[in-house]
Amino acid sequence: MATINGVIKRPMGNPTPHLIVFANEKGGTGKSTTAVHTAIALTALGHRVGMIDLDPRQRTVTRYLENRAETARRRQIDLPAPDFAVLKGDSLEALDAEVATISQDKDFLIVDTPGRDDVFARHMAARANTLVTPMNDSFVDFDLIGQVDAESFKVRRLSFYSELIFEARKTRAKADGVSIDWVVLRNRLQHHDARNKKRVGDALMELSRRVGFRVIPGLSERVIFRELFPSGLTLLDKGHLGELGVSHIAARQELREMVSGLALPTHAGAVPVDMLGAA
């Protein structure tokens, strides 16, 4: 069995899909962008993927995948995409029914949650196998998970959200022995501000040792990710993007590294992550 970042990649074989929940109570962190790119990447690798959008008002994931389906129809091309649904009911029972329906015969179920405190998001986060919390590389976003000293930038205390997830993980481990893999995803890394980047990175490492999450790099602030939204295309759709510049190639490599860093289970027939977008 292969390992990535110390996490074992096991062959698929569970009767229920591996549940990946993208959750952050703050908006504007690139949560929906990373969620939909992860879903499309896993589909492109040969996995059977379902996706649920828990934000029926904003519907970012839903609109992205609808745009993708329309582009495939208009251009008469095949584009890998997950099965997806947007939450329609207003109860946890309705959500569980939606999950049961879209989970059938899937390897992965990916859930995108609203950028606010939400009862449905909490419900799914507590049931996750992999919980992904994207954040921008700033202390404004860091404040969601921990508070730092204004002079030393050392972590003073956990935030309410970190305490919530910490307790959910303990409860889950006691209930069914499952350990939720909590991953903090550093989006929009600012390479020109090395001092801030180091301070945020040091604080994340300090907090990760206390709480037990992993930290991986996400996607930089690149215009291309926003430009592709109307078509629903991604940087993995190499043959349909025209000529790619150096920045596009770098962004696609970031996407590969992000998916690899999630250290998700795989099966023997899947395409290796380093081949994403190579065709």
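Amide H neighbours of L19 under 5 Å, at least 5 residues apart or on other chains, H built in the peptide plane: list them.
It is L109, N129, T130, by chain and number.
Search the structure for amide H atoms under 5 Å from the amide H of M51, placed 1.01 Å from N in the peptide plane, and list their residues when 5 or more places away or on another chain.
Amide H to amide H, under 5 Å and 5 or more residues apart or across chains, M51 pairs with D83, F84, A85, I110.
Which FRET efficiency, nearest 0.05, do N67 and D96 yield, Cβ-Cβ r, R0 25 Å?
E between N67 and D96, to the nearest 0.05, is 0.30.
Pull up all non-local amide H partners of V148: gap of 5 or more, or a different chain, and H-to-H distance under 5 Å with H placed in the peptide plane.
For V148, whose amide H was placed from the backbone, the distant partners under 5 Å are R156.
Can you work out the Karplus-derived ³J(HN,Hα) for every residue in the range 239-251? Use 6.51 cos²θ - 1.76 cosθ + 1.60 with θ = phi - 60°, whole Hz, and x for glycine or proline.
x, 10, 9, x, 6, 9, x, 4, 5, 5, 5, 5, 5
For the range 141-279, what is one quarter of the convex hull surface built on the Cα atoms, given in nm²?
Details: hull surface 45.2 nm².
Answer in nm², one decimal: 11.3.
Mind giving me the nanometre distance, one decimal, between the label points for H267 and D78, set 7 Å out from Cα along Cα→Cβ?
Using points 7 Å along Cα→Cβ, the separation is 1.8 nm.
Ranked highest first by the average count of other Cβ atoms within 10 Å around their residues, in what order do 128-136, 51-59 fall?
Working: 128-136: 23.9, 51-59: 19.1.
The most tightly packed comes first, giving 128-136, 51-59.
Nearest 20 debye, what's the magnitude of the dipole of the chain about its Cα centre given +1 on Lys and Arg Cβ and -1 on Asp and Glu Cβ?
With only Lys, Arg, Asp and Glu charged at Cβ, the dipole is about 480 debye.
In percent, what relative contact order does the chain have, based on Cα pairs under 8 Å that are 6 or more apart in sequence?
Worked out over the chain, it gives 25 percent.
For the range 119-129, what does the Karplus curve 6.51 cos²θ - 1.76 cosθ + 1.60, with θ = phi - 60°, yield as ³J(HN,Hα) per residue in whole Hz, taken in order and with x for Gly and Pro?
5, 6, 5, 4, 4, 6, 4, 5, 9, 5, 8
Over the chain, what per residue volume does the convex hull of the Cα atoms give, in whole Å³?
Spread over its residues, the Cα hull of the chain gives 133 Å³ apiece.
How large is the convex hull of the Cα atoms of the range 12-159 per residue, expressed in Å³ as a whole number? Walk me through the intermediate numbers first.
Numbers: hull volume 19.4 nm³, N = 148.
Expressed per residue, the convex hull around the Cα atoms of the range 12-159 is 131 Å³.
Can you check what the Kirkwood hydrodynamic radius comes to for the range 190-252, Cα pairs only, in Å to one decimal?
Evaluated over the range 190-252, this radius sits at 14.3 Å.
Convert each backbone phi in the range 90-103 into a coupling constant with the Karplus relation 6.51 cos²θ - 1.76 cosθ + 1.60 (shift: θ = phi - 60°), then list the ³J(HN,Hα) values in order as whole Hz, x for Gly and Pro.
So the Karplus estimates, Gly and Pro as x, are 10, 9, 5, 5, 5, 5, 4, 5, 5, 4, 4, 5, 7, 7 Hz.
Calculate for the chain the 222 nm mean residue ellipticity that helices alone would give, adding -39,500 (n - 2.57) per DSSP H run of length 4 or more and normalising by residue count, nearest 500 deg cm²/dmol.
-12000 deg cm²/dmol
The numbers here are math on the coordinates, done by the rules we state, and not lab data. Please read all numbers here as calculations on a predicted model, not as lab measurements. Heads up, the Cβs are rebuilt from the backbone with ideal geometry, glycines too, and the neighbour counts pull from every protein chain shown.
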